[in-house]
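Derivation of every value follows stated rules applied to the coordinates shown; laboratory data play no part. This structure is a prediction, so every number in the text was calculated from the model and none was measured. For neighbour counting, all protein chains shown are included, and Cβ atoms are generated from backbone atoms with ideal geometry for every residue, glycine included.
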Amino acid sequence: MLRLVGIDLPVDKRIEVALTYVYGIGPKISRIILDKAKIDLNTRAKDLSAVEVSKLQKILEEFKVEGDLRKDIRENIQRLKRIGCYRGYRHSVGLLKNIKNVTDGRIYILATFNNTVVTITDLTGNVIAWSSTGKVGFKGSRKSTPFAATSAITAAVDAGKAMGLRQAAVYIKGPGPGRDAALRVLRGIGIKVTEMQDVTPIPHNGARAKKPRHG
């Protein structure tokens, strides 16, 4: 087993690849390190001598990797959140993975008696943000309250605004408390509502009648 900077590296792989198992080292940095240590890129990790391992350990100490790098990244993100910049806000709401800019979209609100689910999509149907009463921290019977529905809708809309959403068509489905909450929230969300529809399915002829008893 080859261990460098506190990390166990796979011994059956080429050392160029094995070094990338250390957080903060990619293929390019790996080649730079091996060039400094005068080690062939195609050498298997298990074939390294004790002297070569010592060289690698010494060179790796010159780079910020693993715990030190993670700490720096964490502190930088906290600083962005503290100063309230746009990138910091995206980190706060967990949107940095999918950076999109959608100005027009659709808001779908599913309001059942037990839950409220809000989905925001672009005009082609791709989901850009979503929320529910469970996602914002409500459990059990509290998920069916109007306040929980309001919180879920607000969270989803805030996430959509961070994606650049400026106007949207709203589609409401279901008889739950989220219906009235949606109307209250949508009045002051800062997004222009271009259309609002109730898409709750309505039975036209009811359920099939029960067969009469025999005898």
Item to check | Hz values of 3J(HN,Hα) by residue in segment 9-14 - Karplus curve (6.51, -1.76, 1.60), Gly and Pro given as x | outcome: 9, x, 8, 8, 9, 5
Item to check | Dipole magnitude of the chain, debye to nearest 20 (Cβ charges: Lys/Arg +1, Asp/Glu -1, about Cα centre) | outcome: 900
Checklist outcome for this item: Restricting to lysines and to Cα separations under 21 Å from residue 46, and discarding same-chain partners fewer than 8 apart, the set is 13, 36, 38, 55, 58
Item to check | Fraction of the pair-distance distribution of segment 2-65 above 18 Å, Cα-Cα pairs, percent | outcome: 18
Item to check | Along each principal axis, Cα extent of segment 103-156, largest first, Å | outcome: 35, 17, 13
Checklist entry - Where does segment 104-198 land on the Kirkwood hydrodynamic radius, alpha-carbon pairs, in angstrom? => result 12.7
Checklist entry - Given 102, 172, 203, which one lies farthest toward the positive end of the charge dipole of the chain, if we put +1 on the Cβ of every Lys and Arg and -1 on the Cβ of every Asp and Glu? => result 203
Item to check | Neighbour-count ranking [beta-carbon atoms within 10 angstrom, fewest first] of 34, 80, 19 | outcome: 80, 34, 19
Item to check | 13 Å beta-carbon shell around residue 167, net charge (K/R +1, D/E -1) | outcome: +1
Next on the checklist: For q values of 0.08, 0.09, 0.16 Å⁻¹, compute log₁₀ I(q)/I(0) with the Debye formula on a Cα-only model of the chain, without solvent.
Outcome noted: -0.54, -0.61, -0.98
Item to check | Options 147, 49, 21, ranked by Cα towards positive dipole end of the chain, top entry (Cβ charges) | outcome: 147
Next on the checklist: Quick one: 3J(HN,Hα) in Hz for segment 38-45, Karplus 6.51/-1.76/1.60 with θ = phi - 60°, rounded, Gly and Pro as x.
Outcome noted: 6, 10, 5, 4, 8, 5, 6, 4
